[in-house]
Amino acid sequence: MNDYTNEEIKVAREKLLQHVENNPSDKSVLKSDIFKDLFKKLSSIPSDQKKSFGEQINNLKNEIADSINSEEEVSKKPPIDVTAPFDKNTPRQSRPQTLNAEFGTIHPLNTEMSKIIGIYSRLGFSVVESRQIDNDYNMFEALNFPEGHPARDDYDTFLTDNGLIAPAHTSTMQNRILRANKFKLENGEPIAFVVPGRVFRNEDLDATHEHTFHQIEGVFVDKKINVGNLIAVLNEFMNNYFGENVSTKIQPFYFPFTEPSFEFAIERPQSLKKGNAEADNWLELLGCGMIHPEVLKQAEIDPAIYTGFAWGGGIERLVLMKNSIEDIRHFESGNLDFLRQFS
Ligand code: DAH
């Protein structure tokens, strides 16, 4: 660290660092009145002090110049050692050199998530984020996959040594949401939630498969709810999201936690047409169905009184199609050249 003995330099340094903290890319600070005053002072002080004072001004200028982010410096920053902890008491000079937010961009997945969540919020759904570590009960039992159920194999994911699970879908949140909100049913209100989150699968990686991706789940329970309500909500969402009237269809499918279960498909809308090689015009976007009575019972909700629907689908696929991105692995790569295209 530079040794500043002069009191005026110390005061100027504090002010300059504060300015850089608030305006991390403002180079004009090097020509600010603070420096002008210091140089003025230099010309008026006794000559035996000039050398040391002049050196301190120069050191200060270099220090401040170093702390300003510039485009070239972005690529020069050393990699951060994530194993080296620091906190607010660690001197500035010893902290990792991070880039300021101005150089960042919103990740395309987050842009899409915000848009999706915004629409569901306007449709009256509350939002709860899913967990990134869960247990067998929430991943399987509560969703009507008892021990040994063959459908467990479709959700092959990662386990910790003590048996916790990296969730393979956002449906792991269903039981928690139903339990925590069943009081609403008793008050005559529906349970209406969407659950965005990160999910994990034991996949062989390729251009369309990642071990880590994102889903958004929806859960709705009330009296007298039927498949028509499910389709109405999803259609409303699709029309809003794509900004045009989208043709949709459902086809029968199987999930242990819904009965009946469906795959929901849309006819490729205008915004997903650009430069896309996929020939098929029907795109399967999500799984859905009427919540299985067993799933309601697991949350101590009486399926003879209440019914509900749920759905869940991936986010990456949509973003890939919308932006003609050729490889899903870009999303988690941290490749700045890729991310900057979305600024
Ligand atoms: N969890 C399912 C999956 O990842 C998707 C799904 C299907 C979610 C039907 C639901 C549902 O809530 O009702 O494959």
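Derivation of every value follows stated rules applied to the coordinates shown; laboratory data play no part. Here the structure is a predicted model, which is why all the values come from computation and not from measurement. Note: ideal-geometry Cβ built from the backbone for every residue, glycine included; neighbour counts use all protein chains shown.
Points to keep in mind about this one:
- Sites listed here are trypsin sites (Lys or Arg not before Pro) in the stretch 165-239 whose DSSP assignment is loop and whose Cβ has at most 11 other Cβ atoms within 10 Å: Lys223, Lys224.
- For Val233, Val227, order by how many other beta-carbon atoms lie within 10 Å, fewest first: Val227, Val233
- If you take the alpha carbon atoms of the stretch 201-294 and fit the smallest convex hull around them, that volume is 133 Å³ per residue.
- Residues whose placed amide H lies under 5 Å from that of Glu210, excluding near-sequence neighbours: none
- Cα-based helix-to-principal-axis angle, 227-242 vs the chain, degrees rounded to 10: 30
- Alpha-carbon geometry of the chain: the Rg and the Dmax are 28.1, 94 Å, given in that order.
- Cross-link pairs exceeding 22 Å between alpha carbons, from the set Lys115/Lys297; Lys10/Lys31; Lys184/Lys223; Lys10/Lys41: Lys115/Lys297.
- Its convex hull of Cα atoms gives the stretch 7-94 a direction-averaged projected area, equal to a quarter of the hull surface, of 7.1 nm².
- The local environment of Gln215, defined by Cβ-Cβ distances under 13 Å, has a net charge of -1 under the rule Lys, Arg +1 and Asp, Glu -1.
- Label-point separation, Lys88 to Ile133 (7 Å along Cα→Cβ), nm: 2.7
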